[in-house]
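Encoded as structure tokens, the structure appears first; notes follow it.
Every read-out reported here was derived from the displayed coordinates using simple, explicitly stated rules and does not represent laboratory data. In this text the structure is predicted, and so the values were computed from the model without any measurement. Neighbour counts are summed over all protein chains in view; Cβ atoms, including those assigned to glycine, are modelled from backbone coordinates with ideal geometry.
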Amino acid sequence: MAQNVDIEIRGMSCASCVGRVERALSQQPGVINAQVNLATQKAAIQVEAGTTTTSLLNAIETAGYQPVVESLDIPITGMSCGSCVSRIERTLTKLPGMVEVSVNLATQKAFVRFLPGAVSLTRIQHAIREAGYEPQDTDTPPPTDSEDRES
């Protein structure tokens, strides 16, 4: 099953740049079609399921351009063991547009790097809830143990 991935790209200034990025992306395994738009500075890529986002980013960087990737720390409540960590990491890694996922039990946070054109924070939070955990607002820390006891 094919998936669509949109990637914002910085540094393109002409039609030659567009052609270079399209060629670099088209040569990646799993890429069905790649179209780059100079005006919007975005690549619309159709890929086979299972194609890694990392390979697409590497192709863009190798061509000499900068893909736009966002990073966030997301506080999560409800984790109690390594199995919880693994479950969240597996769930988030399956989302299209995820570049890196690292969940830390000690800090009760997930560090994620993702393509903003491919997946939204809302979708990431929804996936965490589907896995059985509660994401907190990224600007609101989760309650501490002492706050839990006071409730």
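Around Thr93, what is the net charge, scoring Lys/Arg as +1 and Asp/Glu as -1 over all other residues with Cβ under 14 Å from its Cβ? Spell out each step's value before the answer.
Working: positive: Arg87, Arg90, Lys94, Arg113, Arg123; negative: Glu89, Glu100, Glu130.
Local charge sum for Thr93: +2.
May I ask you to sort Glu130, Glu22, Glu61 by Cβ crowding, counting other Cβ atoms within 10 Å and putting the fewest first?
Working: Glu130 9, Glu22 18, Glu61 13.
Arranged by neighbour count, lowest to highest, Glu130, Glu22, Glu61 become Glu130, Glu61, Glu22.
Run the helix sum for the chain: -39,500 (n - 2.57) per DSSP H stretch of 4+ residues, divided by residue count, reported at 222 nm to the nearest 500 deg cm²/dmol.
Working: 5 runs with 50 residues, N = 151.
So the calculated ellipticity at 222 nm is -9500 deg cm²/dmol.
Using a cut-off of 13 Å between beta-carbons, work out the net charge of the residues near Asn37 (Lys and Arg +1, Asp and Glu -1, Asn37 not included).
-2
With only Lys, Arg, Asp and Glu charged, each at its Cβ (+1 for the first two, -1 for the last two), find how big the charge dipole of the range 70-141 is about the Cα centre; round to the nearest 20 debye.
Numbers: 7 positive and 8 negative charges, 55 e Å.
Approximately 260 debye in magnitude.
For the chain, just run the numbers: alpha carbon Rg, then divide by 2.2 N^0.38 Å, N being how many residues it has.
Numbers: Rg = 17.9 Å, N = 151, 2.2 N^0.38 = 14.8 Å.
In units of the 2.2 N^0.38 Å rule of thumb, it is 1.21.
Treat the count of other C-beta atoms within 10 Å as a stand-in for reagent exposure and order Leu105, Leu92 from fewest to most. Can you show the working numbers first?
On the way: Leu105 15, Leu92 23.
Starting with the residue having the fewest Cβ neighbours, the order is Leu105, Leu92.
Taking the 0 to 90 degree range and rounding to the nearest ten, how far is the long axis of helix 53-62 tilted relative to the main principal axis of the chain, both from C-alpha atoms?
Value to nearest ten degrees: 50.
How do Thr107, Thr53, Thr91, Thr62 line up, fewest other C-beta atoms within 10 Å first? Numbers along the way, then the final one.
Values: Thr107 12, Thr53 24, Thr91 19, Thr62 9.
Fewest to most other Cβ atoms nearby, the residues stand as Thr62, Thr107, Thr91, Thr53.
To the nearest 0.05, how large is the calculated FRET efficiency for Thr52 and Ser80 if R₀ is 41 Å and r is the Cβ-Cβ distance? Before the final figure, lay out the partial values.
Working: r = 30 Å, r/R0 = 0.74.
For Thr52 and Ser80, the calculated efficiency is 0.85.
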